[in-house]
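Take a look at the structure set out below.
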Amino acid sequence: MMLFYRKPFLFLLLSILFFLIASNGWAQSKVVKIGFIGPLTGPNAAQGVGARNAFDLAIREANASGKYPYKFEMIALDDASDPATGVAAALKLVSDPAVVAASGHWNSPVALATIHIFHTYKIPFIVWGAIHPDITGFYKYPGVNRVAPTLVQENGPLCDWVIGELGYKSFSIISDTSSYGEMNLKAFRPMAEAKGAKILSVDSVTVGTTDFRPILTKIKGHNPEAIYFGGVVMEGALIRDQMEKVGLKKLFCAISGIKDDKFLEVAGPSGEGVLTIKPGRPIDKLEGGTKFVKAYEAAGYREPFGAYGPNAYDSAGIILEAVSKVGPEDKGAIAKYIRGIKYRGLMGETSFDATGQTTNVMVSRFVGQSGKWVAWEDSDYAKGVRKLPK
Amino acid sequence: MRSRTLGRAILLIGVETIFFILFAAFMMTFDTMKIVLFILFFIGIGLLFTKWDRARHVLTNLFKELKIFASLWFVVLLLTVPFVFQSSPYLIHICVMAGLFAILALGLNFQLGSTNVVNFATAASYGIGAYASALLAVHFHISFWLGLLIGGSLASLFGLLLGIPCMKTKDYYLSLVTIAFGLIIYILLINFTWTGGPNGIPNIPPPSLLGHSFKDPIHLLGYQLPFQSNYYYLIFILVGGSLVVAHRLHHSRVGLTWNAIREDEIAARCHGIDVTWYKILAFCIDAFFGGVAGTVYSHYIGFISPENFAFIVSVVVVTMVILGGMDNVFGVIMGAILLTILPEKFRAFEDFRILIYGIIIITMLRFRPQGLFPQKMRIYKKNG
Amino acid sequence: MAEIAQQLINALLLGCTYTLIAIGFNLFFGALNVVHFSHGDVCILGAFMILILYGVAKWIGAIAVFPPFLLVPLMILIAMFLTGLIGTFFERVVIKPFRYAPLLMVLVATVALGMVIRETVRLSFPHGSNPQIFPRILPATSFQWHGVLLRLDNLIIFGTTIFLISLMFLFIQKTRMGAAIRAVSQDTEAAAMMGINIDRTVAMTFLIGSALGAIAGILIGAYNNIIRFDMGLMGGVKGFSAAVVGGLGNVYGAIIGGLILGLVETFAAAFIPGGTPYTDVFAFLVVIFFLIFKPSGILGEKVYEKV
């Protein structure tokens, strides 16, 4: 400690440090960089990390294939599900002249904050996970496209199924107050009423709430045939579980926000007979799905690729194809190419409409059965072996 | 004699410029290893400075004698920041954010530093300013400049409201009230539909001045500066203004009164100080600063949502004040700058950021409660 | 009618957890005149202890061997003890050094400690930001009674709370250590002069308070089936609020305060249209109302400041 405080020693230390810093400059290698932003930390890290890995896989495969004259490099940045952090990350990307295009975001508020930056700096941007309709439908930026279906695109098939085919006629709606929940409420309610269903009550809950017994007890008084939930995994699972606990034994249905193994894990036995849908088809039924799974495992990623892995994989593919066709210099041309693309990828054929929204909407139906999500067609419920609550 | 002054001035310019270049080089470093080296370098300089009495003596005297000149040159250097970071809007963005937090921290300093009132509702006044001006701009097309005043005043009004319970309560109870208020504002922002709920408010128009929109780059002396530079200069003026206000307040009767309340509330009351009134005043001024910062933030980013104004933001500002040095205006600004730049530099450790904040607070309180830059004793000169 | 009864049960259970947290606040305030702002986080730590213990029990195969009615109480006891120890440790490290420092220091330090606890928990569990599934340690049997659904797990939660609170009262009223705690909370200096070991008594207070808090955390976990790293923030603020409403420093006040908060929240959610997202706002408004008009709480004594 004494030595550390000596003046000459400090001088020596300082000069060594200075030379270390000054040496080997700030050289940058010449590669084509593609940005990725997602929630790599924080509550949605599982989604973000999985997507990042899938994105990385696509770029590694492109580099390994030798088909491209450049070397691609992924710049993965964290938005921590926070708009301010996301904006800083986006600015970091657009500040780097080597970045030709980017893909990002699972959280809609973050995407809504950053797309303006990508638009201002003319960096082509593909949203891989955020599902707020406004991201494409309202702003219609020419450089911003999205490979994920909006939640409005998911509610239609759910209504067809639950009301049209299964014949449930009265609903209580619970939605969370997030943009996701609110949009679901706005999308589901008129669709359901148009199909002749009655909405008996509408309640909204804050994300992060854990005790839903007061509302569920109240809903029990309305005696609906089914509960529609507009929200995501955790609240959904808790509501489902607590429905049983207050003796509300009714059908529970929701769109893809709850389609996660975690839902069944948290809901436990009460996850039985829960109906949900998910965009796209199960990974093993996708063209190239098994190949993707194998490559993903071989690449040695520790985390599962999650629900949005295929989206990120395809958005990387779209960017790679665009860059290889029009070159990395002209970003406007890349954006133009992407808007007009017909891309055959993991999720089938993706193309974008005039607002940049994907037209590739396929949904699969699932039901919770013995602790697993089972495709409706293969389930005991469709075969009549088990019965849904009515 | 004159040549001696000239020589000193050149020395001063040299010292400040070298530090500025070091700072700029640090900002442009992205390699974690190098960042660490840089920080060690800075710490080394700091240590050297504390150990090497003669150098310290010379430099402090230099700064004291040529005080005005030193600050003028410092201002000039700061004004060149957008030119230096011209190719990287990201770095200017960090500087803007550092400035915003400096305003927040300066505001909180009136309470936490000067008066010893712990306020955990900074995020709330920040949010109120941001939402008020954003809503006004989006729905009623009220200009940013008016919004700045309205945002600040509304936040100030909130400060008054928050100050009311402090007539009856103090210490823990008052902190509970501020925490509760902060949480209430957050919950309301999330749940009200007219504030956009959790979706927030998108598309907040940028301010414009004399026909120049802040969204456009600045063309100056043949340089094109990225649009963030507009905000950089705006923030520069605002921080400067806040600094002057804070400095004047500190050296006025009000600042002295606050300090008296901090040292001993009962004694202050016995001396005829209206403790409640001065505390409410601190609440209002703090909230005004918060409101102004919030307004700038909302128009700068163009999008706000409740997450920007969560409880943790308040704690971050508290950390800045404690790290920098309670009641020391310069220290508080340094605290804000350090705690804005360092997390950006160590993005890889983003996950540990809040944990580190917590550890910083506890360690500082325990071992160096006066902060990195302690407030000096008030010195009164006999004038004449 | 049945619905109101059902809602009352909901309120009662919520009140139980608040009460258990509030008791800790009251004990600490009594003994040290300190508000331990991270107490909520210590409580949630208790629930995470169960998570760890459950994992360990599963790993060594104890779950398959021992029946749950033996294993679960054992795990809860261990979790209580460990959390109590951690609570006393925090007192030593973060609260004691500030005993003679300005009050602001300990206040900010405990808030920061809460942050440290939350983040440590978040970082040390896989996907720690997300809610963790709490093991189903309570039986799920339920039965109907005049249209009201009664569940065995709720009865256990309620019974445990009453049992523990009574036990604590007995301890404080009848034992030597309890007498010491009461003496210290009345007048620390006088107690020291009577030969009471202040440090030990304070440590004991934190042991008891934190252990009871652990139960609160475990009950929250068992009641909701999940546990999340940041529940302690809200839990702590609510617990402190309950203590304030009942009268800070008065252990009986915790019960009243906890029940009031539970009732306000449940009935705001159930009977105010669209009130569900605002339950916390109503709870806080009640607290602020108390702070303005009756700062000493329902059972608290009026405090006069002396120079």
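The values are calculated or read from the model by the stated rules, or taken from the named source; none is laboratory data. Remember, predicted model here, so these are calculated numbers, not experimental data. So basically every Cβ, Gly included, is an ideal-geometry build from the backbone, and we count neighbours across all protein chains shown.
A few notes on this one:
- Some residue of segment A:178-189 being crowded, with 20+ Cβ neighbours inside 10 Å, touching a His at 6+ places or on another chain (Cβ under 6 Å) and closer than 30 Å to residue A:245 by Cα: yes
Conditions tested, residue by residue: (1) surrounded by fewer than 23 Cβ atoms within 10 Å (Cβ to Cβ); (2) at pLDDT 80 or above; (3) in contact with a helix residue (DSSP H, G or I) (Cβ under 6 Å, 6 or more places away or on another chain).
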site: B:169; (1), (2), (3): yes, no, yes
site: B:194; (1), (2), (3): yes, yes, no
site: B:217; (1), (2), (3): yes, no, no
site: B:224; (1), (2), (3): yes, no, no
site: B:229; (1), (2), (3): no, yes, yes
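- Boolean, residue C:227 is farther than 21 Å from residue C:165 by Cα and within 14 Å of chain A (Cβ to nearest Cβ): yes
- Segment B:238-285, subset part of a helix (DSSP H, G or I) and of a type in the set (Ser, Thr, Tyr), residue surrounded by the fewest Cβ atoms within 10 Å (Cβ to Cβ): B:276
- Taken together, A:355, A:276 contain a single residue that is in the same structural domain as residue A:255 (by TED's automatic domain parsing) and hydroxyl-bearing (Ser, Thr, Tyr), which is A:276.
- Check on residue A:368, modelled with pLDDT of 85 or more, crowded, with 23+ Cβ neighbours inside 10 Å and either touching a Pro at 6+ places or on another chain (Cβ under 8 Å) or closer than 30 Å to residue A:226 by Cβ (or both): yes
- Residues considered: B:26, B:74. Of these, the only one that is in contact with a Lys or Arg (Cβ under 9 Å, 6 or more places away or on another chain) and assigned to a helix (DSSP H, G or I) is B:26.
- Residue ID - surrounded by the fewest Cβ atoms within 10 Å (Cβ to Cβ), chosen from residues in segment A:140-160 that are within 27 Å of residue A:327 (Cβ to Cβ) and out of contact with any Lys or Arg (no Cβ under 9 Å at 6 or more places or on another chain): A:140
- Evaluation of residue C:61 against the conditions (1) surrounded by fewer than 16 Cβ atoms within 10 Å (Cβ to Cβ); (2) within 14 Å of chain B (Cβ to nearest Cβ) shows that the sole unmet condition is (2).
- Against the numbered list (1) in contact with a Phe, Trp or Tyr (Cβ under 6 Å, 6 or more places away or on another chain); (2) at pLDDT below 85, residue A:145 comes up short only at (2).
Yes/no per residue for (1) crowded, with 16+ Cβ neighbours inside 10 Å; (2) aliphatic (A, V, I, L, M):
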| position | (1), (2) |
| --- | --- |
| C:108 | yes, yes |
| C:129 | yes, no |
| C:133 | yes, yes |
| C:139 | no, no |
| C:161 | yes, no |
| C:176 | no, no |
| C:185 | yes, no |
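- Criterion: touching a Phe, Trp or Tyr at 6+ places or on another chain (Cβ under 8 Å), of a type in the set (A, V, I, L, M) and either surrounded by 14 or more Cβ atoms within 10 Å (Cβ to Cβ) or within 14 Å of chain A (Cβ to nearest Cβ) (or both) - qualifying residue of B:79, B:47: B:47
- The residue list A:80, A:84, A:89 contains one member that is at positive phi and touching an Asp or Glu at 6+ places or on another chain (Cβ under 9 Å), which is A:80.
- Residues being part of a helix (DSSP H, G or I), more than 30 Å from residue C:128 (Cα to Cα) and modelled with pLDDT of 75 or more - total across segment A:20-68: 5
- Selection of segment B:361-370 for residues being facing another protein chain (nearest Cβ under 8 Å), within 22 Å of the chain's Cα centre (by Cα) and in a helix (DSSP H, G or I) yields B:361, B:362, B:365.
- Yes/no for residue B:304 being in the same structural domain as residue B:110 (by TED's automatic domain parsing) and touching a strand residue (DSSP E or B) at 6+ places or on another chain (Cβ under 6 Å): yes
- Which numbered condition residue B:292 misses (of (1) buried (at least 21 other Cβ atoms within 10 Å of the Cβ); (2) over 24 Å from residue B:207 (Cα atoms)): (2)
- Screening segment A:213-254 for residues that are at the interface with chain C (Cβ under 9 Å from one of its Cβ atoms) and touching a Ser or Thr at 6+ places or on another chain (Cβ under 7 Å) and picking the one that is surrounded by the most Cβ atoms within 10 Å (Cβ to Cβ) gives A:214.
- Selection status of residue B:190, in a helix (DSSP H, G or I), at pLDDT 85 or above and buried (at least 20 other Cβ atoms within 10 Å of the Cβ): no
- Of everything listed in (1) within 14 Å of chain A (Cβ to nearest Cβ); (2) within 26 Å of residue C:129 (Cβ to Cβ); (3) under 18 Å from the mean Cα position of the chain (by Cα), the single unmet condition for residue C:263 is (2).
- Single residue of A:276, A:210 found to be touching a Lys or Arg at 6+ places or on another chain (Cβ under 9 Å) and within 10 Å of chain C (Cβ to nearest Cβ): A:210
- Meets criteria (assigned to a helix (DSSP H, G or I) and crowded, with 24+ Cβ neighbours inside 10 Å) for residue C:219: yes
- Single residue of A:213, A:240 found to be farther than 27 Å from residue B:196 by Cβ and in contact with a Phe, Trp or Tyr (Cβ under 7 Å, 6 or more places away or on another chain): A:240
- Residues satisfying the stated conditions in segment A:80-121, i.e. more than 13 Å from every other protein chain (Cβ to nearest Cβ) and surrounded by fewer than 24 Cβ atoms within 10 Å (Cβ to Cβ): A:100
- Counting only helices (runs of 4 or more DSSP H) that sit wholly inside segment C:24-127, those with at least 2 residues that are touching a residue at least 60 places away in the same chain (Cβ under 8 Å) are C:39-59, C:68-90, C:103-124.
- Summed over segment A:306-335, residues that are more than 24 Å from the chain's Cα centre (by Cα), more than 15 Å from residue A:35 (Cα to Cα) and part of a helix (DSSP H, G or I) total 5.
- Residue count for segment A:267-285, restricted to those that are part of a loop (DSSP other than H, G, I, E, B), of a type in the set (Gly, Ala, Ser) and out of contact with any Phe, Trp or Tyr (no Cβ under 9 Å at 6 or more places or on another chain): 1
- Unique match (being among the basic types (Lys, Arg) and within 14 Å of chain C (Cβ to nearest Cβ)) among B:353, B:347: B:353
- The single residue among A:258, A:319 that is within 20 Å of residue A:234 (Cβ to Cβ), in contact with a Ser or Thr (Cβ under 8 Å, 6 or more places away or on another chain) and surrounded by 23 or more Cβ atoms within 10 Å (Cβ to Cβ) turns out to be A:258.
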